[in-house]
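S.K.: I have a structure here, written as structure tokens, and I will follow up with some questions on it.
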Amino acid sequence: MTRSTAMVSATLASLALLLACAPGAPEPEPYAPEPPPERAAVPTHLIGVRWLLVDGLGGLEDQVEISLSFEADRIQGNGGCNAYSADYAFDRGALEVGPIAATKRGCPDPVGAAEQQYFQALGGARSVQAQDGTLRIETGAGVLVYQPRS
């Protein structure tokens, strides 16, 4: 490096240092991550109710008891053989169910077949509606219909 190049480099470094320390120079804001978007829970009258599936699996629901309960941030229930739970997001009727976690008991058919069909349908949930004591979840495969357990 030549002497003049070294002097120019030193001068530029000094100038940058002076500008960074100059009064009135804006200080960088501390990093604050964006908060996650708020997820609304389903309407409170649905929370804590145990809903039993009465239609939506082509008659398989008559051979097995399948249940669903909404909590503030999760759904849970029994698929006929295995307990399950999943996160969900709800926004003005639209329902999205996250990956379903279930216990791993082996279930003979028709219970095992009904449970797998149910988990697949519930995982494709699009909307939820409660009317006249009936809960309806529209999925990519059709509509799951529930009644409250009496």
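S.K.: For the range 59-70, state whether one or more residues are over 21 Å from residue 44 (Cβ atoms), at pLDDT 95 or above and of a type in the set (A, V, I, L, M).
M.R.: Yes, there is a match, as at least one residue in the range 59-70 is over 21 Å from residue 44 (Cβ atoms), at pLDDT 95 or above and of a type in the set (A, V, I, L, M).
S.K.: A further question follows. Considering each residue of the range 71-105, count those that are among the small types (Gly, Ala, Ser) and under 15 Å from residue 125 (Cβ atoms), and give that number.
M.R.: 8
S.K.: Ok, one more. Which one of the conditions (1) assigned to a loop (DSSP other than H, G, I, E, B); (2) surrounded by 17 or more Cβ atoms within 10 Å (Cβ to Cβ); (3) not β-branched (Val, Ile, Thr) does residue 68 fail to meet, given that it meets all the rest?
M.R.: Going through the list (1) assigned to a loop (DSSP other than H, G, I, E, B); (2) surrounded by 17 or more Cβ atoms within 10 Å (Cβ to Cβ); (3) not β-branched (Val, Ile, Thr), residue 68 breaks only (1).
S.K.: Which ones in the range 99-144 are part of a helix (DSSP H, G or I) and over 12 Å from residue 57 (Cα atoms)?
M.R.: Those that are part of a helix (DSSP H, G or I) and over 12 Å from residue 57 (Cα atoms): 112, 123.
S.K.: Does the range 28-51 include one or more residues that are outside any helix (DSSP H, G or I), modelled with pLDDT of 80 or more and open to solvent by 70 Å² or more (accessible area, probe 1.4 Å)?
M.R.: There is at least one residue in the range 28-51 that is outside any helix (DSSP H, G or I), modelled with pLDDT of 80 or more and open to solvent by 70 Å² or more (accessible area, probe 1.4 Å).
S.K.: A further question on this structure: Just name the residue that is nearest to residue 46 (Cα to Cα) out of those in the range 76-131 that are open to solvent by less than 30 Å² (accessible area, probe 1.4 Å) and among the hydroxyl-bearing types (Ser, Thr, Tyr).
M.R.: Filtering first and then ranking leaves 88.
The values are calculated or read from the model by the stated rules, or taken from the named source; none is laboratory data. This one's a predicted model, so the numbers in the text were calculated from it and none came from an experiment. Because the Cβ atoms are built from the backbone with ideal geometry, glycine has one as well, and the counts that use them run over all protein chains shown. SASA here: full protein model, heavy atoms, side chains in, ligands and nucleic acids out. Shrake-Rupley method; radii C 1.70, N 1.55, O 1.52, S 1.80 Å.
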